[in-house]
Amino acid sequence: MRRRRRTANVLYACAGVVVALVILFPFLFVLSASLQTESELIRRPPPIVAPQPTIDNYRYIFTGRVPAAYASKELLRGTVTKDVRQIPTGLRNSFIVAIGTVLVNLVLATLGAYTFARERFRGRQAAFYFILGSRLLPSVAVAVPIYIGLRSLGLLDSKLGLVLIYSAFTLPFSIWVLTLYFRSLPVELEEAARVDGCTRLETLRHVVLPLAAPGLAAIAAFSFLFSYSEFLFALFTTETSHAKTIPVIIASVSVNPDASYTLIAVGIVLSMIAPIVFALVFRRYITSGLVASLTRT
Amino acid sequence: MADVSFSHVMKVYPDGTRAVRDLTLQIDDGQLVVLVGPSGCGKTTVLRMVAGLEDVSGGDIRVDGQVVNDVDPSERDVAMVFQTYALYPHMTVGQNIGFPLRIAKLPRGEQERRVREVARLLGLEGELNRRPRQLSGGQRQRVAMGRAIVRQPQVFLMDEPLSNLDASLRFQMRAEIANLQQRVGVTTIYVTHDQVEAMTIGNRVAVMRRGELLQFGDPQEIYDRPRDLFVARFVGSPPMNLIEGELAHDGGYAVSTAGRVIPLDAAETADPGALDPYIGRSVVIGFRPERLEDAAVASDTPADRRIGGTVTLRETLGSDVLVHFEVEGSRPLSGRVRAAAIEAAVDPVELEPAVDEPGLRFIGRFDPRSRARQRERVQAAIRPGAMQLFDPETGAAIGH
Amino acid sequence: MATGDAVVGGRVHARGVRLGRRGYSWVTLAPVLTLVALFTLFPVAYAAWTSVHRHVLVLQGRPFVGLRNYQNAIEDPLFADSIKSSLIFVAVSVPVVTLAGLLVALLLNQRVRGFGILLVLVLLPWSIPTVSAGITWRLLLHGDFGAIDGFLYRIGAIDSYIQWLSDPTLAMASVIGVHAWREFPLPAILFLAGLQTIPPELSEAARLDRASAWERFRYVTLPLLKGPLLIVLVYETIVALSVFDLVYVLTGGGPGSATTLFSWFTYTATFKYLNFGQGAALSFIMATVLVVFIAVYMRVVRLREEPS
């Protein structure tokens, strides 16, 4: 019996290692690629571990100093594109837009969710399901009208425009998660606060929010991840470095046939840093938020 | 300082449940009124309506003369102590107590002064910086009270504040609360399902059942002159004995039951006008255990005012002896009256019927000198004025 | 207790604007509802409107053309193609994603040491931008310098480099594969949560009843996972129907039209030819189809509501 348990465990461990590798391999590869020179990388088969790791690629992107390996060979020089120098801007824009969306979410979703959670009024169910249903509409289906709308508001190619769009897309989910979370708090605390003289907003501020931190963390993480990674709307509403976000930039770099793969790899690595950090830090809240939102009303 | 009055107050839930029916009640300024009754009787609903946490479906609630039905809870000048205390877990004791003052934007100095005073009053000075989860049940209860007191409201509302404490603590806190209320002098509405608590704490007691107010008066009055079989059985421990019998008049009033005829004495027949309609009909006869005595000990009582049977259990209390006995020939009660009798005798702690089938078995609280023993026969003497009669259909007391 | 103090409590100090319960509710919801309506109701309505007019950016005038846009769209050979591609994509990827998620969840549910780390890792593919994942895999699947080909060649599984993204069938398989890599964490997390709510006594009892591992799974675990399973299926279907980013960076719709999923088709029709009228028609069709799925999803979740 125990031996069967032991072999089972060993098998599980192996399976676990396989899964971990499948997950990690692309990350590791692209990281290693970003630390190589083009000539090292472009070969059959490409090296998995960087033979002579160098941060020249990163340095080029941030400072414009052409990597030594490219300066020599004429052929490869052409692959050092200017496009990639936009990456730092893209990172900045993405970050700003994402944080902006998080803030809008924290304020509006909190207000809305608290109302849904505790107030009874006619049309509540309808409003709730309306908001929930909207989040599942795919971007492409609403892309054109939104584009036209933004154009008429003069919000094309602006971070504000993106924040508006992303807020509209993330609020439903945030409200859903937060409403569930608020409902799970004992209502007596809020009753006590009301009797103690608090208006609803004061109750929210003094009693509910301090206790709802995990819910807030979950929606902050979700809205950040969504806004940072969003591609379609960023693609066709932004034009210049004012608002281009990182997914747009690395996508356009990647379809540029002249671009060096190692530089593309750097772009990818840089684009993944913020989301990975957020996901790791907030993982517990993400998990519980996901489970709660998708399996309950 | 305020009085609270209810005028035909009703509460009906959307699904049709009637939690409170036509409640009319006047609570005078400074009084401690206890709403007592079994769970589901509507007492907590009434309390919450005063707080504004439940809407009033019909009728008016007035505080200090003003109708408060539509006033937001945050604007009523009432304070509430919840059954679960509802202490803010993320605040210290001091912050909990001072919270209402903070919301009212009192000057800092004043806030601190009041919090300290209340803490001193309740013996919480050492706990001001601790969190609720670090406190014992009794301490938490006091913090909840402190938060209510510090506001100096017009009305205190207490929702079973002692039910989460163990028995000894409850006993102690009962006295403290009663004391506190006297000192502070704020009108208080206190809800409990424990009739002992109700009787000991309140200036006046309101007994409720299934949304209705059955009787309102001071504790002694409720005990001596219950207007309803339910009230009679609910108040007093062990619960009142009930037996079915027939009222007869043959030179004097008497009841015949369990094969014997027991004459009613003067105190029990004070209102012949009320009794006469029942002559020849069944009635329910009630007599409290403490008004029974072992005939062997109280040998000076009249021989015809006896009821006897076989002892099933003897419980020694020290000061008294509880003797349970079965009376042959007694019939169980029937219908609604039986339901009321059972419901009224629910043990507040165990929440189970504490006594057996009403009408069949009886309890006497005898002098410890009684030699009644299990499986032996006993004769219980019925003390003067002990018997009360009730209508077998409605449960209403006959002669009130 | 000091008497004669000023009365504290609601009556003394003024409260802000008195709104009443209904007023308050709608005021707090107004910003959200407006924003959402602006970005969902309005666009869908506008798409419906535009779709029945001729709206080409370079042409003047927006005459009403009835259902002509729809007709043109449907008659476009790519339309049928893209629907077919989308259906194939959904039919294959949803089961793959669900199964992968289930297997990983089952694995993670075994209490093996070190699986805590695995739990952390599992979130990673889902958290990074889809374009980043797509480009990375494009590098990995490169027909000449891809690491995947390199590895397979090295271990002798293939004798020449496979053109993952240039062969129509393989391209579709690649898109499905990358999509699965990115999406599986979601069902994995949901299933794991579901598995963890199953009391261990149940499978222990089954084991005592001499049930094999497979039987235990089939009769104890699976029935209890029906709820999350249904939800995952519907949700992933909606996701699969909306795939866009991956197509953009991985294959650009190609080779040819092998991976032109419906959303991609809508995008090119609208932006390559700037025929907003037709694009709107396609968008509207897409929105309608998805609304059906969304409604189904809502029903499913509501039916499965756990008693609190």
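Odds and ends about this structure:
- Test: residue in the range C:215-222 that is within 7 Å of another protein chain (Cβ to nearest Cβ) and assigned to a helix (DSSP H, G or I): no
- Residue in the range B:62-69 that is more than 14 Å from chain C (Cβ to nearest Cβ), under 19 Å from residue B:188 (Cα atoms) and assigned to a helix (DSSP H, G or I) present: no
- Looking across the range C:121-147 at every residue that is surrounded by fewer than 20 Cβ atoms within 10 Å (Cβ to Cβ) and touching a residue at least 12 places away in the same chain (Cβ under 8 Å), the one that is farthest from the other protein chains (Cβ to nearest Cβ) is identified as C:143.
- Hits in the range A:102-127 - residues which are more than 9 Å from chain C (Cβ to nearest Cβ), over 25 Å from the mean Cα position of the chain (by Cα) and of a type in the set (A, V, I, L, M, F, W, C): A:117, A:126
- Tally of residues being under 20 Å from residue A:256 (Cα atoms) and within 11 Å of chain A (Cβ to nearest Cβ) across the range C:252-266: 2
- Failed item in (1) crowded, with 18+ Cβ neighbours inside 10 Å; (2) more than 17 Å from residue A:293 (Cβ to Cβ), with residue A:169 passing the rest: (2)
- Look at (1) surrounded by fewer than 16 Cβ atoms within 10 Å (Cβ to Cβ); (2) within 11 Å of chain A (Cβ to nearest Cβ) and you find that residue C:246 fails only one, number (1).
- Inspection of the range B:65-82 finds a residue satisfying the criterion of being at pLDDT below 90 and of a type in the set (Ser, Thr, Tyr).
- Looking only at residues in the range B:45-61 that are farther than 11 Å from residue B:11 by Cβ and of a type outside the set (A, V, I, L, M), the one that is farthest from the other protein chains (Cβ to nearest Cβ) is B:60.
Residue-wise test of (1) closer than 29 Å to residue A:48 by Cβ; (2) not in a helix (DSSP H, G or I).
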position	(1), (2)
A:167	no, no
A:170	no, no
A:174	no, no
A:192	no, no
A:198	no, yes
A:205	no, no
A:215	no, no
A:253	yes, no
A:272	yes, no
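- Cross-chain or 6+ apart pairs with Cβ under 9 Å, the range B:139-165 first and away from chain C (no Cβ under 14 Å) and farther than 22 Å from residue B:106 by Cβ, then assigned to a loop (DSSP other than H, G, I, E, B) and aliphatic (A, V, I, L, M): B:139/B:124; B:140/B:87; B:141/B:162; B:141/B:165
- Of all residues in the range C:257-270, those that are in a helix (DSSP H, G or I) have Cβ atoms under 9 Å from Cβ atoms of residues that are of a type in the set (Asp, Glu), 6 or more apart or on another chain, in C:265/C:76; C:265/C:81; C:269/C:76.
- Restricting the range C:156-209 to residues that are among the acidic types (Asp, Glu) and part of a helix (DSSP H, G or I), the residue that is surrounded by the most Cβ atoms within 10 Å (Cβ to Cβ): C:183
- Residue among A:252, A:227 that alone is farther than 30 Å from residue B:79 by Cβ, surrounded by fewer than 20 Cβ atoms within 10 Å (Cβ to Cβ), more than 8 Å from every other protein chain (Cβ to nearest Cβ) and touching a helix residue (DSSP H, G or I) at 6+ places or on another chain (Cβ under 8 Å): A:252
Conditions tested, residue by residue: (1) at the interface with another protein chain (Cβ under 9 Å from one of its Cβ atoms); (2) outside any loop (DSSP other than H, G, I, E, B).
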| residue | (1), (2) |
| --- | --- |
| B:71 | yes, no |
| B:79 | yes, yes |
| B:90 | yes, no |
| B:98 | no, yes |
| B:109 | no, yes |
| B:115 | no, yes |
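- Enumeration of residues in the range C:153-176 that are within 14 Å of chain A (Cβ to nearest Cβ), among the small types (Gly, Ala, Ser) and in contact (Cβ under 8 Å) with a residue 60 or more places away in the chain: C:174
- Those strands (runs of 3 or more DSSP E) lying entirely in the range B:221-270 with at least 2 residues of a type in the set (D, E, K, R): B:241-249
- Residues that are among the acidic types (Asp, Glu) and closer than 27 Å to residue B:35 by Cα, drawn from the range B:232-291: B:290
- Search result, residues across the range C:24-68 that are in a helix (DSSP H, G or I) and among the basic types (Lys, Arg): C:68
- Failed condition for residue A:16, given (1) under 15 Å from residue C:145 (Cβ atoms); (2) at pLDDT 75 or above; (3) facing chain C (nearest Cβ under 7 Å): (1)
- Residues located in the range C:244-294, provided they are in contact with a strand residue (DSSP E or B) (Cβ under 9 Å, 6 or more places away or on another chain) and farther than 26 Å from residue C:129 by Cα: C:273, C:274, C:275, C:276, C:277, C:278, C:280
- Within the range B:305-331, the set of residues being assigned to a loop (DSSP other than H, G, I, E, B), in contact (Cβ under 8 Å) with a residue 60 or more places away in the chain and not charged (D, E, K, R) comprises B:327, B:329, B:330.
- Residue within the range C:229-236 that is in contact (Cβ under 8 Å) with a residue 60 or more places away in the chain, closer than 22 Å to residue C:259 by Cα and surrounded by fewer than 15 Cβ atoms within 10 Å (Cβ to Cβ) present: no
- Among the residues of the range C:61-94, just one is of a type in the set (Lys, Arg), under 22 Å from residue C:50 (Cα atoms) and out of contact with any Ser or Thr (no Cβ under 9 Å at 6 or more places or on another chain), namely C:68.
- Subset of the range C:101-120 [in a helix (DSSP H, G or I) and more than 7 Å from every other protein chain (Cβ to nearest Cβ)]: C:101, C:102, C:103, C:105, C:106, C:108, C:109, C:116, C:117, C:119
The values are calculated or read from the model by the stated rules, or taken from the named source; none is laboratory data. Computed from a predicted model, the values in this text were never measured in an experiment. All Cβ positions, glycine included, derive from the backbone under ideal geometry; neighbour counts span all protein chains shown.
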